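What follows is a set of notes on a single structure, which appears directly below.
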Amino acid sequence: MIEDSTCTLSPKEFGGGVPIASAESFANNVYSSVDAATACELARLRSEDGVVSSCGSGCCHCCRYHILTNIVEAQALVQYIKRELSAGQIDDLRLRTKQWHEWDNSRPGRPSGVIDGRADLSAYEHCCPLVVDGVCCVYPVRPVVCRAHFVSSHPRSCWAANDPESHEDAPVVLKSVVAAAGPFSLVMRDHIEEAGMDFARSLMLLPQWLAVEMGWDFAISP
């Protein structure tokens, strides 16, 4: 359990109009605890088992996964984006997010023609729209699932995991690191539910929440 000095657990008004700054402050407290826990477990794996993560700056193959995030994490992301990114960077982010929606809608079994003015996907590699030149542009406020995902296998395994035709071995995820972050994910869940919101209903894919919280016209209502 997180100590009170590390994370404030007082309920907030999440469902219709939580001040984004409050969500960001709460999320950052949780993220600080997650980072400490994962760093501790990574150090233990290295010293006791000789296991070293192969993840590093510029390695973003896992960012092609479908990343679930909740309303608090989404609002923290958007507050950071509005404060730290320039108007031009936000325009570029909007385009990448729209392209992601176009790609997601074009997959088999998905609805088509949802977005007006279809984006050009001819050279599009489906990736989290927050990634720019292999680097997360909101790294300080990335969600818990991103903070806890580490592998010991070659990065190409992470890339191949999103390719149905690949014959590469599956990536070797460091599950004990994920487990170390688990209690803090529960703190965030409890925080949302104590405010009277169904946690499950607060979950959407990151690009979907991004469009909603930025108020972009192609957003899918939660």
At N28 and Y139, where each label point lies 7 Å from the Cα along Cα→Cβ, what is the point-to-point distance in nanometres?
1.8 nm
Under Stokes-Einstein, with the Kirkwood radius over Cα pairs standing in for Rh, what whole-number D in µm²/s applies to the range 49-95 at 20 °C and 1.002 mPa s?
158 µm²/s
Accessible area of the range 128-204 belonging to carbon and sulfur atoms, whole % at 1.4 Å probe
56 percent
Per 0.36 nm of contour for each residue apart, how much would the distance between V51 and A179 grow if the chain were fully extended, relative to their Cα-Cα spacing?
44.5 nm
Enter the accessible area per residue of the range 40-100 (Å², integer; probe 1.4 Å; all protein chains in place).
50 Å²
So, with points 7 Å from each Cα along the Cβ direction, the I90-D217 label distance in nm works out to 1.7 nm
In whole Å, what are the extents of the range 25-105 along the principal axes defined by its C-alpha atoms, from largest to smallest?
46, 30, 23
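The values are calculated or read from the model by the stated rules, or taken from the named source; none is laboratory data. Quick caveat, the model's predicted, so the values are computed rather than measured. Positions of Cβ are backbone-derived with ideal geometry, glycine not excepted, and every protein chain shown enters the neighbour counts. Note: areas computed on protein heavy atoms with side chains; ligands, DNA, RNA excluded. Shrake-Rupley method; radii C 1.70, N 1.55, O 1.52, S 1.80 Å.
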